[in-house]
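Structure first, then comments.
A short reminder: the numbers here are calculations on the coordinates, not readings from a lab. Just so you know, these numbers come straight off a predicted model, no measurement behind them. With ideal geometry, Cβ positions are generated from the backbone for all residues, glycine too; neighbour counts draw on all protein chains shown.
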Amino acid sequence: MFMRSAKTFVPDALRGLIASTDDIAWNPDPGYLTRATPLPRGRVALVSGGGSGHEPMHAGFIGEGMLTAVCPGLVFSSPNALQIHEGSKAADAGGGVLHIVKNYTGDVMNFGIARELLREDKIDTDVVLVDDDVATERADGSGPGRRGTAATIVVEKVCGASAARGDDLAEVTRIGQHVAHSARSMAVALRPCTLPGADEPSFDLPDGQMELGIGIHGERGTERVDALPAPELVQRLTDPIIKSLSLAEGDRVIAVVNGLGATHPLELQILFAELGEYLDEQGIHIERTLIGTFVTALNMAGASITLVRTDKEILELWDAPTKAPAWPNAMAREYTGVGKRQSFGPTFTPDTSRTAESSFVGSWIADWAEKVLEQEPALTDLDRRAGDGDFGTNMVAALDQLDISAIRDTYSTATIFDAVSQAYLGHAGGTSGALFGIWFRHFFRVAADSADSELDLGAIAAAARAGLDNITSLGGARVGDKTMVDAIVPAVESLEQSVTAEADRDTALASAADAAAAGAESTETMLANRGRASYVGEAARGVVDPGALLIAWFFASAVGH
C-alpha cells in the first residue's frame, strides 16, 4: 500500500483530494470537508460522512447537486460529534441540514449527538438512516439491523437533486427516507482488505473461496463458499435482495453493481450482465444502472449488488445533473437489456474430406493442443515470472475454440491447420496470438496447395521455413533474443538438413523435436531482447521462454504417428 505513514494515511490522502478538485475545501480543525462554493441562501444542506476507506464515498460526492459537507473519520472509524457539528454549521445556508447516515453504531451515535448540538444553535436538522445490507437482516428485527452500504450514494444523489431544485428540509428528508426504505444490498469478497500499517488482512480467505455477506469495514461474511461462476454468484446475491424488498414481476428498479476497491471494471460489467439477465427472467425491469467503484472497503477484492425500487419522481431526481467529481457523467438514461452471449472472433466452417494423411496430421495437432491446454497453469506461471502473465490465457483462448475430436478424426489436413490458424488470429490476441496464427497459416497454405493433401517432409520443412521467415519479419526476433525463434530456427535447420539427406519423415521429425527442445532449453539462461520478457530485464533470466517451449512440444507431438 502506498503511504508516507500509517498514522497520517487519511490526512495525507486528503491533501491530494483537495489539490485535485475545484469545489472542495478542507477545515483541519476539527476536520471536515465542505463545498468551496457556498450554497444559495435558504437551500437545504446535505452532510454525510463516516470512516475513511470507502472512497470515493463520501468525499468524492461533494459538489453541486449532491453533498454540501463531509466528515471523514480515520479508516473504518466514525467521525466524532464535534467534527459533524462544526461541519454542519459551516454547511448550513439557512434551509436546515440533513444528515445522511449509514447504520453503524458509531456513525448513528455521533451524528445524533451533533444534531443535539445543532438544535442548541437553532439550526433545523433531520436524518436519513441508510440500512440496506440484507446480510445483517434478522427476521425478528433484533440486533442493530441492516448495515448501511452502497445504497448510501443513491440516497445522496437523489436527496442532492431534491435540495438543488429547492425542496425544503421536510421534503428532502421524505424523499431520502423513501429511497432508503426501498433499497437493499448484498456483497461478496474474493480477497479481504488490509488496513494501513497492518501485517495481515482483516480475515483469512483461502484461494478458491468466496465470502458472502461481507461488510464494508473488512468484516467477514455470513457464509464461505467455493468460488462460484458469475451467473450463480449473482443469483446468490440477488435473491435475498428480491425477498427483502418483496420485488415482483413488473417492479422497476435502479441497479447498482459496485466494486469494493480492488475489482476490475471488466469483472463488474460481467456481474451486471448476469444481473440484467437474471432480473429479466424474474420480470423485474431495470430503469437505471450504475456500474463502477463507488463504495469501497479499502483494497478489498469483491463487489456488491444494490437494487432500489423506483418511480417517476425518483428517476427524475436520479437523472438530474451533478458536478460531484466521483459521479459518472455519461450514464445511460435508459436500460436496453443484455445482448446475446458471444465470443470474439470469426466462425469456422470445416472441410471434412478426410484422407490417410489427415490422420497423421490430426493426431499430431490434437496431441499438441491437448498438451498445451493441460499445461496452461505452468505456461501462465512461466510468463508471469518472465512477462505479463497472459501467455497461458491466450493459448487457451485460441485452443478452446477447436473441436479437438474433429481435428483428430474428421477434418482434412488443410482444414486442421486453417482451424488452428483462425483460432489464434481471431481469438488469442496479443503478440503470441499473431505469431502462432501466422505460423500455422503457412502450414495451411502448404497443405492447401498440395493436390493430394500429402504433408511430406519437404512440405513440413517448407511450411516451417516460411513461418520462421514471416515471424522474424514481423517481430524482428533472432536467435538469442529469448523468444519462440530460439526453438524454431534449430528445428527448421534440422528439417532442411534431413530433406537434403533424404531422411524418412519420422526420423526427421524426431531430430527436429530434439533441436527445438534444446533451443527452448537454451532460453533459460538468456537475457530477453524481444517480447514482454525484455521489459523485466534480469528478472526473466532463469525462466524458459513459454513460446519456445510450445514450439518444442509442437515438433515432439509429431513423432510416432
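Numerical summary
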item	result
Debye equation applied to the C-alpha atoms of segment 1-70, log10 I(q)/I(0) at 0.19 Å⁻¹	-0.76
Segment 1-130: Cα Rg divided by the 2.2 N^0.38 Å rule of thumb	0.99
Eligible lysines near Lys482 by straight Cα distance, threshold 27 Å, same-chain separation 8 or greater	Lys371
Loop sites in segment 391-421: chymotrypsin sites (Phe, Trp or Tyr not before Pro), DSSP, at most 16 other Cβ within 10 Å	none
Per DSSP, loop trypsin sites (Lys or Arg not before Pro) in segment 5-60 with at most 15 further Cβ within 10 Å	Arg41
FRET efficiency, 1/(1 + (r/R0)^6) with R0 22 Å, evaluated for Thr194 and Thr105 via beta carbons	0.40
Binned Cα-Cα distance frequencies in segment 208-265 - 10 Å width, integer %	17, 49, 29, 5
Given 12 as the ceiling on other Cβ atoms within 10 Å, longest exposed-site-free region of the chain for GluC sites (Glu not before Pro) in DSSP loops	1-248
All lysines inside 22 Å of Lys312 as judged from Cα atoms, apart from same-chain residues fewer than 8 positions distant	Lys157
Projected label distance in nm at Glu223 and Glu524, using a 7 Å step from Cα toward the beta-carbon	4.8 nm
Where Rh is the Kirkwood radius over Cα pairs, Rg/Rh for segment 356-556	0.95
Computed Kirkwood radius, in angstrom, where 1/r is averaged over Cα pairs of the chain	27.2 Å
Inter-probe distance in nm under a simple model that places probes 7 Å from Cα toward Cβ, at Arg174 and Asp319	2.2 nm
Karplus-derived HN-Hα couplings along segment 75-81 (A = 6.51, B = -1.76, C = 1.60, θ = phi - 60°), whole Hz, x at Gly and Pro	4, 6, 10, 4, x, 8, 5
Nonlocal amide H pairs with Ile24, under 5 Å, H built at 1.01 Å	Ala36
Rg and Dmax of segment 89-192, Cα atoms only, in Å	14.9, 48
Normalised convex hull volume, segment 369-477, alpha-carbon set, Å³ per residue	103 Å³
Extension reserve of the Ala139-Lys243 stretch, reckoned as 0.36 nm per residue once the Cα distance is removed	36.3 nm
Approximate spin-label separation Lys7-Glu232, in nm, with each point projected 7 Å along Cα-to-Cβ	4.9 nm
Amide H contacts under 5 Å for Gly50, placed H, 5+ residues apart	Cys71, Gly73
Qualifying trypsin sites (Lys or Arg not before Pro) in segment 397-464, DSSP loop, other Cβ atoms within 10 Å at most 15	none
